[in-house]
1. Run down V47, V32 and say which single residue is modelled with pLDDT of 95 or more and surrounded by 11 or more Cβ atoms within 10 Å (Cβ to Cβ).
2. Restricting to the range 35-44, what's the tally of residues that are open to solvent by less than 70 Å² (accessible area, probe 1.4 Å) and either of a type outside the set (G, A, S) or over 16 Å from S76 (Cβ atoms) (or both)?
3. Restricting to the range 50-82, and then to whatever is in a loop (DSSP other than H, G, I, E, B) and among the aromatic types (F, W, Y), can you tell me which residue is least open to solvent (accessible area, probe 1.4 Å)?
4. From K6, K65, K71, grab the single residue that is modelled with pLDDT under 85 and not aromatic (F, W, Y).
5. Could you grab me the full set of residues in the range 6-28 that are assigned to a loop (DSSP other than H, G, I, E, B), at negative phi and either without any contact (Cβ under 8 Å) to a residue 40 or more places away in the chain or of a type in the set (D, E) (or both)?
6. Does any residue of the range 36-44 turn out to be acidic (D, E), outside any strand (DSSP E or B) and under 16 Å from Y70 (Cβ atoms)?
7. Show the residue pairs that are 6+ apart or on different chains and have beta-carbon atoms under 9 Å apart, the first residue being within the range 51-69 and under 14 Å from H35 (Cα atoms), the second being open to solvent by 60 Å² or more (accessible area, probe 1.4 Å) and in a helix (DSSP H, G or I).
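The values are calculated or read from the model by the stated rules, or taken from the named source; none is laboratory data. This one's a predicted model, so the numbers in the text were calculated from it and none came from an experiment. Here Cβ is always computed from backbone atoms with ideal geometry, including for glycine, and neighbour counts include all displayed protein chains. Areas reflect the complete protein model, heavy atoms only, side chains present, ligands, DNA and RNA absent. Shrake-Rupley method; radii C 1.70, N 1.55, O 1.52, S 1.80 Å.
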Amino acid sequence: MQLKDKKGKNNPLFGKIKSSSTLAKMTKIVYVYNHSDMSLIGEYSTVNCSREFKMGNSTLNKYIKSGWPYKGKIFSRKKNLI
């Protein structure tokens with residue numbers, strides 16, 4: 001019952017707009033590298049990365065944690081792998 005009480009407009013944070021600094025703290029960046037020459041392809045948020053490379057969030061997290069290549073790309077939370 002308590003969970004239902006906090007949904008929608010009963011939630012104290014409902015309708016409040018998050019500042020850009022708050023969003024920057026919450027966003028996790030994924031760095032994408034080419035597997036063959038380890039060149040940086042780009043940096044994406046987790047949501048944009050899974051959309052851009054057409055993969056699910058659980059698949060993205062699996063390849064970030066393992067460090068294995070996925071379709072010729074390596075996904076990492078660290079900027080410089082070399």
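1. Residue meeting the stated conditions: V32.
2. 2
3. Selected residue: F53.
4. Just one listed residue meets the conditions, K6.
5. Once the filter is applied, which keeps residues that are assigned to a loop (DSSP other than H, G, I, E, B), at negative phi and either without any contact (Cβ under 8 Å) to a residue 40 or more places away in the chain or of a type in the set (D, E) (or both), the range 6-28 yields K6, K7, N11, P12, L13, F14, K16, I17, K18, S19, T27.
6. The answer is no; no qualifying residue exists.
7. Cβ pairs passing all conditions: W68/K62.
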